[in-house]
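The values are calculated or read from the model by the stated rules, or taken from the named source; none is laboratory data. In this text, all values refer to a predicted model and were calculated from it rather than measured experimentally. Neighbour counts run over all protein chains shown; Cβ positions are idealised from the backbone, glycine included.
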Amino acid sequence: MLFPITMTSVLLSLGIIILSCLVVARYRDIYERIKIPLAIVTFFSGLVLYIIGYLPDHVIQGTSPLQGEVSADAAAIALRALFSTCRIFILENDFGEISEILRSNAIYAISFHLVHAMGLMITVLTLLSLFGLHIISRIQLLFSRSSETYVFCGLNEYAYHLIRNLRENGTNRCIIVIEGLKQSSEEEEVLVKKIRENQCILIDRNFREVESLKRLKFPARFYQKPLHFFLLSDQENINIQAAIRLIQNIKKDRTPAENLTIYIHSSSENTGQIIDRTRKENRVKIDFRVFSIPDLAARQLINTCPVYETMELDTREARVHSDFTLFLAGFGRMGVEVLRKILYSGQFYGGQFRAIVTDSSMNRREGTFNNRYSGIKSNYSIQFVQADPGSSEFFDLILQNINEINYIAVCLDDDRQSMETALEIQRLLRRNSVRRPVVIAVQISEAEKLFYYQENDLPPGIRFFGRISDIFTESIIINESMDKMARTMNALFNRIYHVEPADNWFELDEFTRESNRSAAMNIRTKLRLLGLDMAEAGKSGKQPVRLEEYLQGIRLENLARQEHLRWNAFFFASGWTTWELSDTAGAAKAKDPANKRHACLVPWERLAEVTRRFNQEPSFEELDFMQVRNIPLILEASGYIVYKMD
C-alpha cells in the first residue's frame, strides 16, 4: 500500500482523495493541461529516489565495501527502481526495501512520501477525469459559489455559442449543461471537450427526461439568486413541453422559483400564450422569454444598425426633418421579422415611414402578412412587389426610388445569393453617385460564407447580421439591463393607476412584458433625438447631464408624439387593429385584448376624442408625456447615466 495501514495513513489518503476531488471540481481544465508534465516529473522523481534507495549502504555512506558485501550492479538497481516507480501510480510502494539508512533519514522519507502522495493524487485525478463525471458534477455543484446560474438543456450549436459568450463576459459563473453522453466515444469526447473548455458542469442525463428542478438536486442556495434555464433545442415542441413540465412541477415540488427565468426557442406565435396560461393555472411566479432565430437576428440588426443613424435629426426640437424608406429584399420569416421591428423602431415625429418589400413569392406571402397584420396594411405605406433578386424588375425598382431609400436589408434564404445581391445594390448606388448614407445590411447564417467575402475585401460598407455566433449572446437574449428598465417602466405606470403591488411583472402576460421591453429599447432613440446618449454609471468616463433639463417645452411634446407613434407601430406589428369608437358601445375600457383591438391606435390628434369617450384620467396624451418624463427615473434605477454626445 501507499503507507503502512494506520489511522494516520488512512486519514492522509482520504485527505489526498478529497483534495483531488476539489482540484478536478474547480480546476479540471488546468489539470488537463498539466497532467502529463506533472506525471513525468513525479515519475522521474520517484525513479531517482528508488535508485538512491536501492544503492548499497557503503555507496550511500561513501565508504569501501566490507568483506563479503555485494558490489553495486547499476543495471539491476535501475531495473528494480523502474519497476518500483511504476507501482507509485497503482497505489503501491516498496519503502520497506529501501536502505535502512535512508528510511531513517527525515529528508529522504519526506521526499519519498510526497512523491507517492503525488502519484496517488494523479491516479485519483485521472480516474475522476475519465470515469467520475457524476461524482465531479455533484462536487462542482456543492462548491459552486457564483452569483448567477445558467442551465442549458442540451448542448447544440445555439447553446454552445451562448455559453462561450457568457464565459467571456464573466469567468465566475456557474454554467450547467444537461446532456446524456452519446454511445459513440468520439461524440462523447467532442462533447466533454466543449464542456471542459468552457468550464461547465455536466449533468449526464437526457434533457428530454428533465421534468422538474427538484430532480436535478441543485443546492438550495441556487434558488436564492438569479437562475437562467435555457431550452434551445431545434425541436421546438420539445422546448415547449419541457417548459410546461417544469412550470407544472414547480408548485408540486414547492420549488422556490421566484428568481427563475426560462428561455424558450420557438417560432410559434402561440408559445407565449401557452406558457402564460400554464404559469397562471399553476400560480407560479416566474419570468420567461420566447424567441426565434429571425427574432434574434432582427434585434441584432436594430442594435447594430439603428434607424436613427439614417435620419436627419433636429436635436433642438427632438424631431426629424427627413422621411425613412426601407428597401427589403426577401420576405420569408426573416424578412417579416425585420419589417416588424424596423417599423416600430423607425417612427419619428416629423418624418414618414415607408417600405418597399420584394420577394420572388410575394403573391403568396403578401396575403398571409396582410391577413395577420391588417393594421400595418391600413396605416403605413408598404409596397409589396414580386421580383426575383437580380432581375430587371428588382433593380428598376431601386432606381425608381433611389433618392428616397436610406435603409436596405437583404434577407434571402441563400447566403451567397444575399451577398451577391447586396454587392450589386452597392454597385448600383455608387454608379448613380448616391452620396447620402444608406445602410446596406445582409443577413448571413453561416460564418464561413462571410469569411470568404471578408478575406477578398469584397463588402466594404456592407453590414452583416444574423450569424448564430452573433445572435446567441448575452446582450441579445438575456439583456438584463433592458429588463430592469422595462420592469421599472411598468412599476411607474402602475403607480398612476394605484395598482398594488406596483412591481407586478410576473403577473403580466407576455405581450405586455414585450410592450414594456420595446419601450425600454426605444429610450436610446429618444436620447439621440436630444443629442444625448446613455452609458453604465462609472464605466463611460463621460460627464453626466441632467436629463430633466432637456425634457421641457417643444422637445417634451415632440418626444411624447414620437412615443405614441412607436406605441402604435408596436401594436400594429403585433397583430392589433384600431377599435373604432363607433364600435365601442358599452365598453368601459379602450382596450379589447380578446380581439386585439385598441381605441388609442389612432393619430395623436384623435387621442383627445378617445380620452373623452372613456373619461380617461389622466388623458391618453398625458400618459405619453409621463412615459417620457419617467425616463430619468428608469435610467437611474437601471444604473445608467446620460451624457451629451460630442
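Being within 30 Å of R138 (Cβ to Cβ) and either modelled with pLDDT under 80 or outside the structural domain of I98 (by TED's automatic domain parsing) (or both) holds for only one residue in I60, I34, and it is I34.
When the stretch 208-240 is filtered for residues that are among the small types (G, A, S) and surrounded by fewer than 17 Cβ atoms within 10 Å (Cβ to Cβ), the ones remaining, listed by number, are S212, A220. Checked against the criterion of being at pLDDT below 80, in the same structural domain as I250 (by TED's automatic domain parsing) and not β-branched (V, I, T), the candidates E179, E236, E189 yield just one match: E189.
Residue-wise test of (1) of a type in the set (A, V, I, L, M, F, W, C); (2) closer than 16 Å to G335 by Cβ; (3) within 26 Å of the chain's Cα centre (by Cα).
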| site | (1), (2), (3) |
| --- | --- |
| F394 | yes, yes, no |
| L397 | yes, yes, no |
| N403 | no, no, no |
| I408 | yes, yes, no |
| C411 | yes, yes, yes |
| E420 | no, no, no |
| E446 | no, no, yes |
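Within the stretch 476-495, restricting attention to residues that are over 30 Å from S619 (Cα atoms) and in contact with a helix residue (DSSP H, G or I) (Cβ under 8 Å, 6 or more places away or on another chain), the residue that is surrounded by the fewest Cβ atoms within 10 Å (Cβ to Cβ) is I476. Of the residues that make up the stretch 218-231, is at least one among the hydroxyl-bearing types (S, T, Y) and in contact with a Lys or Arg (Cβ under 8 Å, 6 or more places away or on another chain)? Taking every residue of the stretch 218-231 in turn, none turns out to be among the hydroxyl-bearing types (S, T, Y) and in contact with a Lys or Arg (Cβ under 8 Å, 6 or more places away or on another chain). When Y308 is tested against (1) within 30 Å of the chain's Cα centre (by Cα); (2) closer than 15 Å to I405 by Cα; (3) assigned to a strand (DSSP E or B), only condition (3) is not met.
Table: residues versus (1) hydrophobic (A, V, I, L, M, F, W, C); (2) surrounded by 13 or more Cβ atoms within 10 Å (Cβ to Cβ); (3) not assigned by TED's automatic domain parsing to the domain that holds F327.
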residue	(1), (2), (3)
S374	no, yes, no
N379	no, yes, no
V385	yes, yes, no
S392	no, no, no
F395	yes, yes, no
N403	no, no, no
N406	no, yes, no
A409	yes, yes, no
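All told, G351 falls short of being touching a helix residue (DSSP H, G or I) at 6+ places or on another chain (Cβ under 9 Å), in contact (Cβ under 8 Å) with a residue 24 or more places away in the chain and buried (at least 17 other Cβ atoms within 10 Å of the Cβ).
Inspection of the stretch 509-524 finds a residue satisfying the criterion of being assigned by TED's automatic domain parsing to the domain that holds H598, in contact with a strand residue (DSSP E or B) (Cβ under 8 Å, 6 or more places away or on another chain), surrounded by fewer than 19 Cβ atoms within 10 Å (Cβ to Cβ) and under 20 Å from V307 (Cα atoms). Just to verify a result, which residue in the stretch 624-646, among those that are surrounded by fewer than 18 Cβ atoms within 10 Å (Cβ to Cβ) and among the aliphatic types (A, V, I, L, M), is farthest from P544 (Cα to Cα)? This residue is M626. R279: more than 29 Å from G390 (Cα to Cα) and either part of a helix (DSSP H, G or I) or among the hydroxyl-bearing types (S, T, Y) (or both), yes or no? Yes; evaluated as a whole, the condition is true for this residue.
Quick check, is R205 surrounded by fewer than 17 Cβ atoms within 10 Å (Cβ to Cβ) and either outside any helix (DSSP H, G or I) or in contact (Cβ under 8 Å) with a residue 40 or more places away in the chain (or both)? It is false that R205 is surrounded by fewer than 17 Cβ atoms within 10 Å (Cβ to Cβ) and either outside any helix (DSSP H, G or I) or in contact (Cβ under 8 Å) with a residue 40 or more places away in the chain (or both). Listed by first and then second residue, the pairs with beta-carbon distance under 9 Å, at least 6 apart or on different chains, first residue in the stretch 485-503 and of a type in the set (F, W, Y), second outside any helix (DSSP H, G or I) and surrounded by 14 or more Cβ atoms within 10 Å (Cβ to Cβ), are F493/V499; F493/A502; F493/N630.
Of the residues examined, G575 is one that is in contact (Cβ under 8 Å) with a residue 24 or more places away in the chain, at positive phi and not assigned by TED's automatic domain parsing to the domain that holds L339. Among the residues making up the stretch 309-322, those that are surrounded by 17 or more Cβ atoms within 10 Å (Cβ to Cβ) and at pLDDT below 95 are T310, M311, S322. Evaluated against (1) touching a helix residue (DSSP H, G or I) at 6+ places or on another chain (Cβ under 8 Å); (2) surrounded by fewer than 21 Cβ atoms within 10 Å (Cβ to Cβ), S266 falls short on exactly one condition, (2). All conditions but one from (1) surrounded by fewer than 14 Cβ atoms within 10 Å (Cβ to Cβ); (2) at pLDDT below 90 apply to V434; the one that does not is (1). Among the residues of the stretch 457-504, those that are under 21 Å from the mean Cα position of the chain (by Cα), within 22 Å of P632 (Cβ to Cβ) and of a type outside the set (D, E) comprise N479, S481, M482, K484, M485, A486, R487.
Taking the condition under 30 Å from M534 (Cβ atoms) and either in the same structural domain as I554 (by TED's automatic domain parsing) or touching a residue at least 40 places away in the same chain (Cβ under 8 Å) (or both), does D276 pass? It is false that D276 is under 30 Å from M534 (Cβ atoms) and either in the same structural domain as I554 (by TED's automatic domain parsing) or touching a residue at least 40 places away in the same chain (Cβ under 8 Å) (or both). Note on the stretch 110-132: residues that are surrounded by fewer than 20 Cβ atoms within 10 Å (Cβ to Cβ), among the small types (G, A, S) and at pLDDT below 85 amount to 3. Within the stretch 134-175, being of a type in the set (V, I, T) and surrounded by fewer than 18 Cβ atoms within 10 Å (Cβ to Cβ) holds for I135, T171. What are the residues in the stretch 316-337 that are part of a strand (DSSP E or B), closer than 21 Å to R555 by Cβ and aliphatic (A, V, I, L, M), if any? Hit for the stretch 316-337 is V320, nothing else. Out of K225, K194, K214, one residue alone is within 27 Å of R513 (Cα to Cα), out of contact with any strand residue (DSSP E or B) (no Cβ under 6 Å at 6 or more places or on another chain) and not β-branched (V, I, T). It is K225. Taking the criterion of being of a type in the set (S, T, Y) and under 16 Å from L565 (Cα atoms), the residues of the stretch 335-391 that qualify are Y344, S345, Y349, S378, Y380, S381. Outside the structural domain of E337 (by TED's automatic domain parsing), in a helix (DSSP H, G or I) and at pLDDT below 90: does that describe F506? Here the answer is yes, as F506 does meet what is asked.
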